[in-house]
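Here the structure comes first, spelled out in structure tokens, and everything after it is commentary.
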């Protein structure tokens, strides 16, 4: 029975990952372009409180095992690096089963240890070969040690820490509040949800996000 449960959970994860099929490209937006609520993006009701009200928060929901997230990742990071100081980009690990929760713990543990940038692409590549890999702590810690040099026991302590547990619980709550149904998907300022389907692909997502960032910036004056 447990085997069947894991199979169905993984099938759901893969279906969610397949949400955005169009290839990503560097997004550009004309000031004259306008997007429509309910068509190009969805209003989140109630809005979710952002971590810093003085910033325009842009969230990307992702999973290391998502092939579309893997191709989107360098383009998303390039976009993020070009944003003004008033934009805060946050990466939110999606989780719909135990395997994805383990991967979310990897994200937060390595982020807290300031090595997530080193593990990100190796994780994408490792899960490309086997999406159900790296769910056992010993295996995970050995992999992180090999890639980043972080001591195995130091990583294990961080992975199982109260801080990471709290971050995972908060991420799960935000995923529910945002109504995230697949990866990659994006949220702007806790108010607007953008999917590959609504925005006509990953390139479209960044165009809509750029539009909404400009819209919110104008509203804030």
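Each value in this text was obtained by applying a stated rule to the coordinates, not by laboratory testing. Owing to the predicted nature of the structure, the values given are computational and were not obtained by experimental measurement. As a convention, Cβ positions derive from the backbone with ideal geometry for all residues, glycine included, and neighbour counts pool all protein chains shown.
Calculated FRET efficiency, residue 200 and residue 139, Cβ-Cβ r, R0 30 Å, to nearest 0.05? So, using R0 = 30 Å, E works out to roughly 0.15. Of all DSSP-defined beta bridges confined to the chain, some 55% are antiparallel rather than parallel. For the chain, a Kirkwood hydrodynamic radius built from all Cα pairs, placed in the Stokes-Einstein relation at 4 °C and 1.567 mPa s, yields a translational diffusion coefficient of 72 µm²/s.
From least to most packed, judged by other beta carbons within 10 angstrom and beginning with the fewest, 63, 79 follow the order 79, 63. Comparing mean-square fluctuations of 201, 65, 38 from a GNM of the chain with C-alpha springs under 10 Å, the top value falls on 38. For the chain, the longest principal axis of the C-alpha atoms and the axis of helix 98-112 are separated by about 80°. Entry note, the chain: the mean residue ellipticity at 222 nm calculated from DSSP H runs of n ≥ 4, each adding -39500 (n - 2.57), is -17000 deg cm²/dmol after division by the residues and rounding to the nearest 500.
Between residue 219 and residue 33, the modelled labels are 2.0 nm apart [label points 7 Å from Cα along Cα→Cβ].
Cα-based radius of gyration for the range 112-221, normalised by 2.2 N^0.38 Å, reads 1.34.
Taking 7 Å steps out from each Cα toward its Cβ at residue 160 and residue 181 produces label points 3.9 nm apart.
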